[in-house]
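Right, one structure below, let's go through it.
The values are calculated or read from the model by the stated rules, or taken from the named source; none is laboratory data. Not measured: the values here are computed from a predicted model. Here the Cβ positions follow ideal geometry from the backbone for every residue, glycine too, while neighbour counts run over all protein chains shown. Accessible surface areas use protein heavy atoms only, side chains included; no ligands, DNA or RNA. Shrake-Rupley method; radii C 1.70, N 1.55, O 1.52, S 1.80 Å.
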Amino acid sequence: MSLNKVNSKTDILIIGCGCIGLSTGIVLLKTGKYNVQIWSRDLPPNTTSNKAAALWYPFLCNPPDLVGKWSAETMQYFKDHIIGDPKSGTLIKKVNEIFRREHKEDPEWRPYVQSFRRARKDELPEGYVDGFAVDDGFVMDTDMYMDYLVQTFKSLGGSIEQREVEDIREAFVHYDTVINCTGLGSRELFKDKLIYPSRGQIIVIKNSSERSIMDEEDHIAYVIPRISNTVLGGTNQEHDYNTEPTKQDTEEILKRVAMISPRFAKNRIEIQDVKVGLRPSRHEIRLENEFFEGGSKLVVHNYGHGGSGFTVSWGCALEALRVMEAGIPNLLFYKKQQQPKPQSKL
Ligand SMILES: Cc1cc2nc3c(=O)[nH]c(=O)nc-3n(C[C@H](O)[C@H](O)[C@H](O)COP(=O)(O)OP(=O)(O)OC[C@H]3O[C@@H](n4cnc5c(N)ncnc54)[C@H](O)[C@@H]3O)c2cc1C
Ligand SMILES: O=C(O)C(=O)Cc1ccccc1
């Protein structure tokens, strides 16, 4: 049995149609070497990814050095391929993280982001004494961006099937190489009990804001302006599976946001929507090969991106391609394929 090949391209299955699965699929398709299909239980707009704020900013994601590298690669990828396209739903927006106490240390990702600077005093609301700034930060109108990823994936020849995978062996019937982008779903599908939900609630409002600003010191508060609305957040309730918004969280978020952006204390806030998503949290992103069925099947894991899936998406997609291409030659029958055919005795 040879590697699944049609039109001399290798067939790859991706499980999961969130920002990670779609970005990974696009990177594979752009090489011109793979036929890529996505199987996914939920499709946009019904994924965790669609519940994100979303802005570029490393948050609740590890390991720090790799998250810094992948965040910077993702920022570059957005600048090179995405931000110029109005269909992508992205906007360049300065982002400020602010602190009530002096913050001596720069963030671990600072060495990777040249545009990083300390916040100026005039960028700090009353009661805040220190802060970070990234002038070329960017935000995504999440649903627009997710639709853009789906259209880009399909325009490159990718296909998407709504299908839940209950046992990875279902995938092995048709594919030798599978990329696992199931986020929190890996808790069941691969019995990884290290991944757990961190519940995040956000409020979508009509009002606008000139910058993204956030305080994540003692509790989370953020304002993230987008093309068609602004997102106020948020919460971070670990191991909480409740996907329904609560009135209490909405009130808490509005109270905290008024502290970091006083204009929201004075102006009437017109709530358009309240959303909840379960961040796929893990002590660190799992991005590695795992062989099954005696080395004849390969799964590339790419999940556990916590609060930074969009921020590291393209860096992780490029890494998943590298890891996969390092793994394929080790597939058992791939090796057999390469063996010279025995010469006939006649
Ligand atoms: C409120 C909130 C705000 C956020 N804001 C930001 C932000 O500003 N910036 C940022 O970078 N990140 C942000 N995040 C984090 C970001 O949303 C996640 O890191 C990201 O969505 C993870 O993407 P994913 O593709 O791994 O997961 P998901 O979007 O959950 O996709 C997983 C996919 O796998 C599918 N799946 C799972 N199990 C199976 C199975 N067994 N069979 C078939 N399919 C399966 C699911 O249906 C889904 O399609 C935020 C998260 C929340 C909750
Ligand atoms: O809520 C989240 O998961 C986010 O990623 C939004 C965010 C980004 C940066 C700081 C705090 C929250």
Counting only backbone N atoms under 19 Å from a point 7 Å out along Cα-to-Cβ of D240, the residues of region 276-297 in range are 276-282
Given C-alpha coordinates of region 66-144, what is the ratio Rg to Rh with the Kirkwood estimate of Rh? 1.02
May I ask you to rank S115, S186 by accessible area, largest first, using a 1.4 Å probe over the protein chains only? S115, S186
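Taking 45 Å as R0, compute the FRET efficiency from the Cβ-Cβ separation of K33 and Q343 and round it to 0.05.
Details: r = 31 Å, r/R0 = 0.70.
Taking R0 as 45 Å, the efficiency between K33 and Q343 is 0.90.
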For the chain, what does the equivalent ellipsoid look like in terms of its semi-axes, each the square root of 5 times an eigenvalue of the Cα gyration tensor, given largest first in whole Å? 40, 20, 18
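Sequence gap at least 6, Cα distance under 8 Å: using those rules, report the relative contact order of region 196-281 to the nearest whole percent. Don't jump to the answer; show the numbers that get you there.
Values: 184 pairs, mean separation 37.8, N = 86.
About 44 percent, as a whole number.
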DSSP beta bridges in the chain, what fraction antiparallel, as a percent rounded to 5? 70
With runs of 4+ DSSP H residues as the only contributors, calculate the mean residue ellipticity of the chain at 222 nm using -39,500 (n - 2.57) per run, divided by the residue total and rounded to the nearest 500. -8000 deg cm²/dmol
Hey, which aspartates and glutamates would be in cross-link range of K206, C-alpha to C-alpha under 12 Å, not counting anything within fewer than 8 residues on its own chain? E270, D273
Which of the aspartates and glutamates could a cross-linker span from K87 if the Cα-Cα distance has to be under 13 Å and same-chain partners fewer than 8 positions apart are dropped? D141, D143, D147
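Quick one: grab the alpha carbon gyration tensor of region 27-82, order the square roots of its eigenvalues as a ≥ b ≥ c, and give me rounded if a/c is under 1.5, else prolate or oblate depending on whether a/b is larger than b/c.
On the way: a/c = 1.85, a/b = 1.18, b/c = 1.57.
Since a/c reaches 1.5 but b/c is at least a/b, the shape of region 27-82 is classed as oblate.
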What percent antiparallel are the DSSP beta bridges of region 1-102, to the nearest 5? 25
Quick one: helix 142-155 against the long Cα principal axis of the chain, what's the angle to the nearest 10°, folded into 0 to 90? 20
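Which semi-axes, in whole Å and largest first, does the equivalent ellipsoid of region 196-281 have when worked out from the alpha carbon gyration tensor as the square roots of 5 times its eigenvalues?
Values: eigenvalues 90, 35, 28 Å².
In descending order, the three semi-axes are 21, 13, 12 Å.
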So the carbon and sulfur contribution to the accessible area of region 174-306, 1.4 Å probe, in percent, is 49
Quote the relative contact order of the chain in percent (integer), defining contacts as alpha-carbon pairs under 8 Å separated by 6+ residues. 25
Spread of Cα-to-Cα distances over 10 Å intervals beginning at zero, given as percent, for region 131-272: 9, 28, 30, 22, 10, 1, 0
Enumerate the lysines that K104 could reach by cross-link, defined here as Cα to Cα under 16 Å, with residues fewer than 8 away along the same chain left out. K121
Working out 0.36 nm times the residue gap between E284 and S155, then minus their Cα-Cα distance, what length gain in nm do you get to one decimal? 43.2 nm
Rounded to the nearest 10 degrees, what's the angle between the helix 309-327 long axis and the longest principal axis of the chain, both from Cα atoms, 0 to 90? 20
For region 1-86, which whole-number percentage of the solvent-accessible area (1.4 Å probe, protein heavy atoms only) is attributable to carbon and sulfur atoms? 53
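Express the accessible area of the chain per residue in Å², computed with a 1.4 Å probe while the remaining protein chains stay in the model. Before the final figure, lay out each step's value.
Working: 15760 Å² over 346 residues.
On a per-residue basis, the chain sits at 46 Å².
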